[in-house]
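Readers should treat all values here as calculations from the given coordinates under stated rules, not as data from a laboratory. What you see is a predicted model, and the numbers here were worked out from it, not measured in a lab. FYI the Cβ positions are ideal-geometry reconstructions off the backbone, even for glycines, and counts take in every protein chain you see.
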Ligand SMILES: Cc1ncc(COP(=O)(O)O)c(C=O)c1O
């Protein structure tokens, strides 16, 4: 029989292999296999809780678009309703009713003219919502030309090269050719003329982005709609628009109401957005809405039991937590239009403040200033001998700030930018702390007398550079 002390030292030896955790009795618990015996709830809690402390501080994560703070009442509501499964419409009819209310509230914010019967659903996030929007376009394209499912024609989708990775996945999963409109130096939004030139009878749709992941800018949906109107009336291809409004969908209606980008435009048939970004809900909830019933092919609608009857569903996932949908409704009730407007306006004010201060720094040039969504990025005026923006990103981690640096997409991939996503929990006070930290780290970096590894890499001839992952994989 081992004494506790001995047990501890045995366990401490085993931890060296890093395949074991140590429980509070000093016993080794395997990390990568299910433990043989159970442990007290408190111990399991403590282990997982402690491990999570190694994650970054979510409030200082200026890389993510996803909500990192909600009010205690919202948290309480989410905890209370964590056991509800969104798909069990019959068991949780009120959650289903609340989802329906949310779809209608969102459709109304996006200028739908339906009267409380908008077509759409909640999803796990924008990725699922984009998939659904894209699938509907593919199905409609087949219907348009009466094509069999095994048609030899190859469908295509047109999008700017600033797309988020979900669109690459969508095209891969559904055998669609992705036609990328390249970004140009100095212009990082969709080149509408070039997009129209890429259209043909196999184009299932064009996807403008409201809140480009790389820069935070809006594509010009109105111009796209007008050009598409000309194209469609000339060719009768009737190519629709799906707007990927992952971030902008919950910003524009509140602080840029004059902007024309939503269902008011004839060719915008569907829109998706993330409830867990500027919708202000913890992950994961997203939304997709179609302007009219006709734009969602019947083939994609399935039925689930609902109070002895049936209810249509089009989401890809079956079981899914209902509590994020309830939290979305909480936010709509709690904030109202006015509250959302204040929150988004304040985020934008903080973003514009930060970007104006960064533009005053001699070393940087602003690429965007946060006047679309409250997201902005900057680049170096001139390449430095001894450091790069990657080093600044690393230095900021010392203070806990996550401010990613990354390359822009193909065609402008030589440009490295650094981006800040301002969310409603970022105060002016925090912005000042961040600016101070940036100032301190710049002093340190400017004083370096030898190049950092990233500076050495940056100064290599182009052909010798290691590929750096672009930001489409970050969020
Ligand atoms: C433009 C855009 N579309 C889609 C997505 C995917 O969103 P989600 O993380 O909600 O699946 C993102 C994520 O950042 C995005 O920025």
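Before moving on, here are some points about what is shown:
- Cα point-scatterer Debye curve for the range 327-408, base-10 log of I(q)/I(0) at q = 0.15, 0.17, 0.19, 0.22 Å⁻¹: -0.68, -0.80, -0.91, -1.07
- Sorting 212-221, 35-44 by their mean Cβ neighbour count within 10 Å, with the most densely packed peptide first, gives 212-221, 35-44.
- Helical contribution to [θ] at 222 nm, DSSP H n ≥ 4, -39,500 (n - 2.57), averaged over the chain, rounded to 500: -12000 deg cm²/dmol
- Backbone N within the range 271-286 under 19 Å of label point (7 Å from residue 80 Cα along the Cβ vector): 281-282
- Take every DSSP beta bridge whose two residues both sit in the range 74-332; close to 55 percent of them are antiparallel.
- Centre-to-centre separation between the Cα atoms of the range 174-205 and those of the range 324-358: 32 Å.
- A Förster radius of 51 Å, combined with the Cβ-Cβ distance separating residue 201 from residue 33, puts the computed FRET efficiency at roughly 0.40.
- The range 152-245: C-alpha gyration tensor shape, a/c 1.5 cut-off, then a/b vs b/c: oblate
- Cα gyration tensor shape for the range 334-375, rounded if a/c is under 1.5, else prolate or oblate: prolate
- P(r) tail for the range 82-123: Cα pairs beyond 15 Å make up 42% of the total.
- The chain: antiparallel DSSP beta bridges as a percent of all, rounded to 5: 65 percent
- Å³ per residue enclosed by the Cα convex hull of the range 216-330: 134 Å³
- Using the average count of surrounding beta-carbon atoms within 10 Å as a protection proxy, the listed peptides 120-131, 248-259, 146-157 rank, highest first, as 120-131, 248-259, 146-157.
- Net lengthening on full extension, residue 117/residue 55 (0.36 nm per residue, minus Cα-Cα): 18.1 nm
- Gyration tensor (alpha-carbon) shape descriptor, the range 277-424, a/c threshold 1.5: prolate
- Global dimensions of the range 29-98 from alpha-carbon coordinates: Rg and Dmax equal 17.4, 45 Å.
- Modelled this way, with points 7 Å down the Cα-to-C-beta line, the labels at residue 383 and residue 457 are 1.4 nm from one another.
- For the chain, alpha-carbon Rg over 2.2 N^0.38 Å: 1.09
- With contacts taken as Cα pairs under 8 Å and at least 6 residues apart, the range 323-433 reaches a relative contact order of 24 percent.
- The modelled label-to-label distance between residue 365 and residue 153, using points 7 Å beyond Cα along the C-beta direction, is 4.4 nm.
- Taken along the Cα-to-beta-carbon direction at a fixed 7 Å, the label points for residue 318 and residue 71 span 3.7 nm.
- With the convex hull of its Cα atoms as the shape, the range 56-147 has an orientation-averaged projected area of 9.6 nm².
- Length-normalised contact order of the chain in % [C-alpha pairs under 8 Å, at least 6 apart]: 19 percent
- Size of the range 74-332: Rg and Dmax of its alpha carbons, in Å, are 18.0, 59.
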